[in-house]
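S.K.: My questions will all concern the structure given below.
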Amino acid sequence: MEVIKIKTMKQEITKEKAIEELKELFNIPDEQTKETWMNGYETDGRFGINKLYMERFYVIEKLHEYFKDKMFEKGLGLVVGSITFIYTNFEIKEITKQ
């Protein structure tokens, strides 16, 4: 018996589309005030998810799940920041080869 692997095509997304969908995924409102920062924040593609709302492990797990069938348009990538006490930080940014 031969096993055939089926490759799924990934949907290419823009930075704007990813920001919109990730804000929804992490429950970050469009109009952010001091009170709505409880879950986290987003500014120009930079996200900070409050660890009281969701621990780092679960944030990364959600990001993996989100990107399993998506990819950024050419030149963009997602960078997860170093460990902090309050937020799990990640950002959508241009990736250039050096």
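Values quoted throughout were computed directly from the atomic coordinates according to the rules given, and no laboratory measurement underlies them. Quick caveat, the model's predicted, so the values are computed rather than measured.
S.K.: Could you work out how far helix 56-67 tilts from the main Cα principal axis of the chain, as a 0 to 90 degree angle to the nearest 10?
M.R.: Once rounded, the angle reads 40 degrees.
S.K.: Taking amide H positions as placed 1.01 Å from N in the peptide plane, with prolines and chain starts having none, which residues 5 or more places from residue 76, or on another chain, fall under 5 Å of its amide H?
M.R.: Under 5 Å from the amide H of residue 76 lie the amide H atoms of 95, each far enough along the sequence or on another chain.
S.K.: May I pose another question? Once the Cα atoms of helix 15-25 and of the chain are each reduced to a long axis, what angle between those two axes, in degrees from 0 to 90 to the nearest 10, is obtained?
M.R.: 70 degrees
S.K.: Hey, what's the per residue convex hull volume over the C-alpha atoms of the chain, in cubic angstrom? Spell out each step's value before the answer.
M.R.: On the way: hull volume 14.0 nm³, N = 98.
With only Cα atoms used, the chain gives 143 Å³ per residue.
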